[in-house]
């Protein structure tokens, strides 16, 4: 499920099936033609920032600021993390109940921002939880194969 925010005021939830059902054709690079309710729509991606997942899209001569968040982005947001956030995150908590499939770090490891810390299986999906910042692992509160509840402490930073 994707959460799409348009002009920071309208939010839409779109499933992968919705995306696949979209009748859109790329006519030239960054230019698309689609049909919706038997109406022809021309869309152009004017500007894109892959890292922040933000785009400026021109649709039928109107420009819109679009931000697309996937499931992991939504979990990170729910945990209170943000890209470029100034607050220092000292602990990682489970965004949802699940099973710890893999732990990629040990206590005392130095990690960089976006390093994969562990994999949490939830709702038959593997979710890689990445480090929100550079730091040193102070403690790991879970073991591989352990089931955790939502908001359970997983990892602490020094």
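Structure above, values below:
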| read-out | value |
| --- | --- |
| Relative contact order (percent, whole number), the chain, Cα cutoff 8 Å, 6+ residue spacing | 17 |
| Highest to lowest packing among 146-154, 1-9, scored as the average C-beta count within 10 Å | 146-154, 1-9 |
| Peptide ranges 59-71, 123-135 listed from the most packed, as the mean C-beta count within 10 angstrom indicates | 123-135, 59-71 |
| Neighbour-count order for 12, 157, 50, fewest beta carbons within 10 angstrom listed first | 50, 12, 157 |
| Cα Rg, Dmax, the range 2-69, angstrom units | 12.0, 34 |
| Alpha-carbon centroid distance for the pair the range 101-142 / the range 1-46, whole angstrom | 34 |
| Sequence-separation-based contact order of the range 2-69, relative, with Cα cut under 8 Å and 6+ spacing, percent | 29 |
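Read the figures in this text as sums done on the coordinates, not as results from a lab. Just so we're clear, the structure is a prediction, and the values are computed from it rather than from any experiment. As a convention, Cβ positions derive from the backbone with ideal geometry for all residues, glycine included, and neighbour counts pool all protein chains shown.
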